[in-house]
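Take a look at the structure below.
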Amino acid sequence: MNETAHIEHRDYVGAKLGMWLFLFTEILLFGGMFLVYSVYREVNTADFHEAGMEMNMTIGAINTLILLTSSLTMALSIAAIKRAAKMRSILFQAVTIILGIAFLVNKYFEWSDHIRHGFYPDSPKLLAMSHGKILFFGLYYVMTGIHALHVVIGISIIGFILILTLRDSVSGTDYVKLENAGLFWHLVDVIWIYLFPLFYLIL
Amino acid sequence: MEQKQEERAHVPTQVFVIVWIALLCLTGLTIKAAQMKMGEWSMVANIAIASAKASLVLWFFMHLKYEKRLFKLLIFVPIITVSIIIVLTFFDIWYR
């Protein structure tokens with residue numbers, strides 16, 4: 001038997017290119033929602049302005065801080081695995097997961113607060129309001145909801161990669177899975193970077 | 001087979017920390033810009049700052065700086081696609 005047949009071939013550039021192509025479809029998914037937001041905002045500027053007053057800017061800012069920091073720890077975990085510092089990489093991955101969970105906990109308090117005030121899809125208080133405000137809250141729940149779903153998926157992926165790193169399936173010589181998980185996590189961060197001003201700041 | 005590409009790019013940890021600090025500063029700036037009540041200009045300022053932040057994340061955290069040229073060019077495909085769709089839609093809204 002040919003000896004070279006035992007050498008496993010891995011296409012790292014292809015793996016990353018595939019991940020980027022997937023991320024492009026994510027950009028188009030959120031891009032479509034940004035389009036809907038910008039059109040409705042253009043048509044209902046005053047309503048969006050008033051509805052935006054209901055948003056808690058502090059929670060939004062804290063969540064921005066959390067996600068930006070989690071992107072840093074994600075980047076550091078990849079930098080660590082490249083230097084074959086396994087435990088350091090695992091530690092940074094764990095911190096990233098914890099920050100992701102903290103983001104969701106914040107989101108939970110934020111949403112419960114809106115629901116307590118009567119702002120949720122189809123709520124009597126909301127339906128009595130103007131068309132533009134209903135649209136604002138609809139877009140708010142859909143866009144931050146789908147984003148939060150991405151955070152949940154991202155946390156699960158990083159958790160999975162953390163186990164692979166523990167088992168040395170992700171290591172200093174083969175870390176493309178961690179890199180791709182990182183790319184997904186950073187994209188979720190990039191989307192939040194735009195969601196934050198759209199819902200919490202532009203008033 | 002070892003993962004060789006990028007090997008020349010052992011990015012120092014400080015780079016990531018500096019980018020993170022820059023991102024935090026830009027977040028502070030965007031909040032300040034929103035509070036200045038510049039009307040439509042605050043929208044422009046906020047989107048510009050968000051784009052600067054997104055570029056920092058893409059360029060450094062997502063390693064585009066250290067990738068092959070193919071990756072650097074490809075990212076413009078979705079960005080330009082979304083931009084064209086939004087601009088053309090607004091022509092419809094403004095001039096219909």
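The values are calculated or read from the model by the stated rules, or taken from the named source; none is laboratory data. The shown structure was predicted, so the numbers you read here are calculated from the model rather than taken from an experiment. We place every Cβ from the backbone using ideal geometry, glycine too, and count neighbours over all the protein chains shown. To get the accessible areas, we keep the full protein, side chains included, count just its heavy atoms, and leave off ligands, DNA and RNA. Shrake-Rupley method; radii C 1.70, N 1.55, O 1.52, S 1.80 Å.
For this structure, a couple of remarks:
- Residue match in the range A:55-62 (condition: at the interface with chain B (Cβ under 10 Å from one of its Cβ atoms) and within 27 Å of A:SER156 (Cβ to Cβ)): yes
- Test: A:THR73 is open to solvent by less than 20 Å² (accessible area, probe 1.4 Å), farther than 21 Å from A:LEU178 by Cα and within 20 Å of the chain's Cα centre (by Cα): no
- Looking across the range A:47-58, the residues that are more than 19 Å from B:LYS32 (Cα to Cα) and open to solvent by less than 70 Å² (accessible area, probe 1.4 Å) come down to A:ASP47, A:PHE48, A:ALA51.
- Within the range A:165-203, tally of residues that are outside any helix (DSSP H, G or I) and under 29 Å from A:MET33 (Cα atoms): 2
- Matching option when the condition is modelled with pLDDT of 95 or more, open to solvent by 40 Å² or more (accessible area, probe 1.4 Å), facing chain B (nearest Cβ under 10 Å) and touching a Ser or Thr at 6+ places or on another chain (Cβ under 8 Å), among A:LEU21, A:LEU28: A:LEU28
- Of all residues in the range A:66-87, those that are within 11 Å of B:VAL11 (Cβ to Cβ) and more than 7 Å from every other protein chain (Cβ to nearest Cβ) have Cβ atoms under 7 Å from Cβ atoms of residues that are among the hydroxyl-bearing types (Ser, Thr, Tyr) and open to solvent by less than 30 Å² (accessible area, probe 1.4 Å), 6 or more apart or on another chain, in A:ILE78/A:TYR175.
- Within the span defined as the range B:15-29, one or more residues are surrounded by fewer than 16 Cβ atoms within 10 Å (Cβ to Cβ), touching a residue at least 24 places away in the same chain (Cβ under 8 Å) and of a type outside the set (Phe, Trp, Tyr).
- Scanning the range A:131-142 for residues that are touching a residue at least 12 places away in the same chain (Cβ under 8 Å) and more than 10 Å from A:PHE199 (Cα to Cα) yields A:HIS131, A:GLY132, A:LYS133, A:LEU135, A:GLY138, A:TYR141, A:VAL142.
- Taking (1) more than 12 Å from the chain's Cα centre (by Cα); (2) over 25 Å from B:THR30 (Cα atoms) in turn, A:TYR141 satisfies each apart from (2).
- In the range B:49-64, the residues that are in a helix (DSSP H, G or I) and either touching a residue at least 12 places away in the same chain (Cβ under 8 Å) or surrounded by 15 or more Cβ atoms within 10 Å (Cβ to Cβ) (or both): B:ILE49, B:ALA50, B:ALA52, B:LYS53, B:ALA54, B:LEU56, B:VAL57, B:LEU58, B:TRP59, B:PHE60, B:PHE61, B:LEU64
- Check on A:LYS133, among the basic types (Lys, Arg) and open to solvent by less than 30 Å² (accessible area, probe 1.4 Å): no
- Selection status of A:ALA61, part of a helix (DSSP H, G or I), open to solvent by 30 Å² or more (accessible area, probe 1.4 Å) and small (Gly, Ala, Ser): no
- Restricting the range A:108-130 to residues that are of a type in the set (S, T, N, Q) and free of Cβ contacts under 8 Å to residues at least 24 places away in the same chain, the residue that is surrounded by the most Cβ atoms within 10 Å (Cβ to Cβ): A:SER123
- Checking each residue of the range B:71-88 against the condition of being basic (Lys, Arg), without any contact (Cβ under 8 Å) to a residue 60 or more places away in the chain and open to solvent by less than 40 Å² (accessible area, probe 1.4 Å) gives no match.
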